[in-house]
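Trainee: Just dropping this structure here.
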Amino acid sequence: SGLARFIQGLPKAELHLHIEGSLEPELMFELARRNRIALPFGSVEEVRKAYAFSNLQDFLDIYYQGADVLRTEEDFKDLALAYFRRVAADGCRHVELFFDPQTHTDRGIPFAVVADGLLAGMAEAERSLGISSKLILCFLRHLDEDAAFATLKAAEPYLDRLVGVGLDSSEVGHPPSKFERVFRAAGERGLKRVAHAGEEGPPEYVWEALQALNVDRIDHGNRALEDPRLVERLAAEGMTLTVCPLSNLKLCVVDDLKAHPIKRMLDLGLSATVNSDDPAYFGGYLGDNWQAVAERVGLTREDLVTLARNSFSGSFLTDAEKARRI
Ligand code: ADE
Ligand code: ZN
């Protein structure tokens, strides 16, 4: 359709993508075979049927289980390359991807295996697909502060190849303030800071991400809309929100895409962006998320251009890099 072509042709960046969440069931089976791992599923169809979630924790349980097939540097490279090939078709020019090292180091996979594999996939994507990318290390917030500090220590040899740190996993009960010191340490090492906040957690968690973690972006941020003072602050700062429409639908953060707040966010002057979060689990990649909100929320082409512009202005590309990307 005309709309699909318009979206495909817009230069876009993806700023909220968990690379482990791009593991398609087909690749899960291939890696299980390659690594001689028994899966608790008999077929790709059976895996897909298990992807019915009523909240964030339902999803996280199956997402951490799926990651068990990732063992070697080649596995992580193949995972990243499969994702980049898929979003190249969507007209995606730049990606800032999250990874969860603790999910792997806690299974005995060295940090270097994970990071070297992902970085190899990123380099190959830049060469063969022309997609640039930057890597963000996420701390798992259901684990403690000491574990986050140990992860930052393990990342020490890679600091020049990481653009920032993030905070993900189970939000409610794990407020941003729990990670204030490790985020300060990351900032002192020259890293950008982002955090998931206001996906399921209250507006207070978004305030904490701003005030205790000094974040450069808010991941999700949906529930910030419940607090007018917070909205005012986010708009005044030009804070980027990395919003994930199909994720919000699958995790029941919204009941219906028609009622998705992305349009309201733009109308309130917030720098919202559209992203896929965990595309293999939530039924769509970057282009599908754009298409879904454009159609269901009824965005104008002007809105879509604003969203595309926000995806680059909210990125961690330098001005020189931006000039070459757009
Ligand atoms: N890890 C992967 N996807 C996530 C999400 N949407 N929220 C929190 N943690 C995550
Ligand atoms: Zn996320």
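The values are calculated or read from the model by the stated rules, or taken from the named source; none is laboratory data. Here the structure is a predicted model, which means the values were calculated and not measured. Positions of Cβ are generated from backbone atoms using ideal geometry, with glycine treated the same way; all protein chains shown enter the neighbour counts.
Trainee: With respect to Val69, determine if the residue is more than 16 Å from ligand 1 (Cβ to nearest atom) and of a type in the set (Val, Ile, Thr).
Mentor: The answer is yes for Val69.
Trainee: Glu30: surrounded by 14 or more Cβ atoms within 10 Å (Cβ to Cβ), away from ligand 2 (no atom under 16 Å from the Cβ) and in contact (Cβ under 8 Å) with a residue 60 or more places away in the chain, yes or no? Before you say what the answer is, go through the steps one by one.
Mentor: Details: surrounded by 14 or more Cβ atoms within 10 Å (Cβ to Cβ): yes; away from ligand 2 (no atom under 16 Å from the Cβ): yes; in contact (Cβ under 8 Å) with a residue 60 or more places away in the chain: no.
Against the criterion (surrounded by 14 or more Cβ atoms within 10 Å (Cβ to Cβ), away from ligand 2 (no atom under 16 Å from the Cβ) and in contact (Cβ under 8 Å) with a residue 60 or more places away in the chain), Glu30 does not qualify.
Trainee: Got a number for residues in segment 57-113 being in a loop (DSSP other than H, G, I, E, B), crowded, with 22+ Cβ neighbours inside 10 Å and in contact with a strand residue (DSSP E or B) (Cβ under 8 Å, 6 or more places away or on another chain)?
Mentor: Residues that pass the stated criteria total 1.
Let's see how each residue does on (1) part of a helix (DSSP H, G or I); (2) surrounded by fewer than 16 Cβ atoms within 10 Å (Cβ to Cβ); (3) within 16 Å of ligand 2 (Cβ to nearest atom):
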{"position": "Ser133", "(1), (2), (3)": "no, no, no"}
{"position": "Ile136", "(1), (2), (3)": "no, no, yes"}
{"position": "Thr151", "(1), (2), (3)": "yes, no, no"}
{"position": "Asp160", "(1), (2), (3)": "yes, yes, no"}
{"position": "Gly173", "(1), (2), (3)": "no, yes, no"}
{"position": "Glu200", "(1), (2), (3)": "no, no, yes"}
{"position": "Tyr205", "(1), (2), (3)": "yes, no, yes"}
{"position": "Leu210", "(1), (2), (3)": "yes, no, no"}
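Trainee: Only residues in segment 128-153 that are on the phi > 0 side of the Ramachandran plot count as the first member; pair them with residues that are modelled with pLDDT of 95 or more, Cβ under 9 angstrom, at least 6 apart or cross-chain, and list the lot.
Mentor: Close Cβ pairs (under 9 Å, with a partner that is modelled with pLDDT of 95 or more) amount to Gly130/Ala88; Gly130/Arg93.
Trainee: Which of the residues that make up segment 304-325 are hydroxyl-bearing (Ser, Thr, Tyr) and either surrounded by 16 or more Cβ atoms within 10 Å (Cβ to Cβ) or touching a residue at least 24 places away in the same chain (Cβ under 8 Å) (or both)?
Mentor: Result: Thr306, Ser311, Ser313, Ser315.
Trainee: Take Ser1 and decide whether it is hydroxyl-bearing (Ser, Thr, Tyr) and more than 16 Å from ligand 2 (Cβ to nearest atom).
Mentor: Details: hydroxyl-bearing (Ser, Thr, Tyr): yes; more than 16 Å from ligand 2 (Cβ to nearest atom): yes.
It is true that Ser1 is hydroxyl-bearing (Ser, Thr, Tyr) and more than 16 Å from ligand 2 (Cβ to nearest atom).
Trainee: Those residues that are away from ligand 2 (no atom under 16 Å from the Cβ) and closer than 13 Å to Ala154 by Cβ, I need them from segment 95-107; list them, please.
Mentor: Within segment 95-107, the first condition is being away from ligand 2 (no atom under 16 Å from the Cβ), and the residues that meet it are 104-107.
Within segment 95-107, His104, Thr105, Asp106 meet the criteria.
Trainee: Could you say which residue among Asn310, Asn275 is among the polar types (S, T, N, Q), at pLDDT 95 or above and more than 16 Å from ligand 2 (Cβ to nearest atom)?
Mentor: Asn310
Trainee: Evaluate segment 278-285: report whether one residue or more is more than 16 Å from ligand 2 (Cβ to nearest atom) and among the hydrophobic types (A, V, I, L, M, F, W, C).
Mentor: Just the residues of segment 278-285 that are more than 16 Å from ligand 2 (Cβ to nearest atom), to begin with: none.
No: segment 278-285 contains no residue that is more than 16 Å from ligand 2 (Cβ to nearest atom) and among the hydrophobic types (A, V, I, L, M, F, W, C).
Trainee: Right, another one. Where in segment 247-306 are there helices (runs of 4 or more DSSP H), lying wholly inside it, with at least 1 residues that are of a type in the set (Gly, Ala, Ser), in contact with an Asp or Glu (Cβ under 8 Å, 6 or more places away or on another chain) and away from ligand 1 (no atom under 15 Å from the Cβ)?
Mentor: Values: elements: 262-267, 279-282, 286-293.
Here the list reads 286-293.
Trainee: Ok, one more. Tell me, please, whether a residue that is in a loop (DSSP other than H, G, I, E, B) and loosely packed, with under 15 Cβ neighbours inside 10 Å can be found in segment 7-22. It would help to see each step written out before you state the result.
Mentor: Narrowing segment 7-22 to residues in a loop (DSSP other than H, G, I, E, B): 10-11.
Then keep just the ones that are loosely packed, with under 15 Cβ neighbours inside 10 Å; that gives 11.
The answer is yes, given that some residue of segment 7-22 is in a loop (DSSP other than H, G, I, E, B) and loosely packed, with under 15 Cβ neighbours inside 10 Å.
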